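Since every read-out is calculated from the coordinates, none of them should be taken as a lab result. Predicted, not measured: the structure shown is a model, and the values here were computed from it. Positions of Cβ are backbone-derived with ideal geometry, glycine not excepted, and every protein chain shown enters the neighbour counts.
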Amino acid sequence: MTAKPWTDHRVEVIIGNLLRIGVSLAALVVFAGAVVYLARHGGTAADYRLFRGEPSDLRTIGGIWHDAIALQGRGIIQLGLLLLIATPVARVAFSVFGFIEERDWLYVGITILVLVILLGSLIGSS
């Protein structure tokens, strides 16, 4: 059995599916978190007189993961947002492998540069 050749069309289809699945999964996780949050805090009146930023446990990936595993609504919502941010990064990472398979070295270099810039901006922002 021979493997299918890597063509531009095949790479585009895989990337399209990756983006579609990533965004759908992120939306599903955010929706699930919203349901949990509203079930627990939906009746609480909002107090807009004092600004309260995100709690410190929701500012790190580890804290978000811990809260999501503990079925905290805000942690689940934040996990969904992380999945949404990770989707285009995964798309760029997959593009590197697609261009390597196609042996398109110019685009491999450009895509690696874009990936380094993306990861650097994500890591540098924390």
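Relative to the longest principal Cα axis of the chain, at what angle does helix 73-102 sit, 0 to 90 degrees, rounded to 10?
Helix 73-102 sits at roughly 10 degrees to that axis.
Separation of segment 9-44 and segment 56-126 by C-alpha centroid, Å?
Centre-to-centre distance over Cα atoms comes out at 15 Å.
Which loop trypsin sites (Lys or Arg not before Pro) in segment 33-71, with loop taken from DSSP, have no more than 16 other Cβ atoms within 10 angstrom of their Cβ?
49, 52, 59
Using the Kirkwood formula over every pair of different C-alpha atoms, what hydrodynamic radius in Å results for the chain?
17.1 Å
Can you tell me the FRET efficiency between residue 104 and residue 66 if r is taken as the Cβ-Cβ distance and R0 is 41 Å, rounded to the nearest 0.05?
FRET efficiency, residue 104 to residue 66: 0.50.
In nm, to one decimal, how far is the residue 93 label point from the residue 37 one, both placed 7 Å along Cα→Cβ?
2.6 nm
Helix 105-124 versus the longest principal axis of the chain: what is the Cα-based angle in degrees, 0 to 90, to the nearest 10?
Approximately 20 degrees, to the nearest 10.
Helix 8-41 versus the longest principal axis of the chain: what angle, 0 to 90°, nearest 10, using Cα atoms?
Rounded to the nearest ten degrees, it is 10.
How would you classify segment 25-81 from its alpha-carbon gyration tensor, with a ≥ b ≥ c the square roots of the eigenvalues: rounded for a/c under 1.5, else prolate if a/b is greater than b/c, otherwise oblate?
oblate
Tell me what the chain gives for mean residue ellipticity at 222 nm when only DSSP H runs of n ≥ 4 count, each as -39,500 (n - 2.57), the sum divided by the residue total, rounded to 500 deg cm²/dmol.
-26000 deg cm²/dmol
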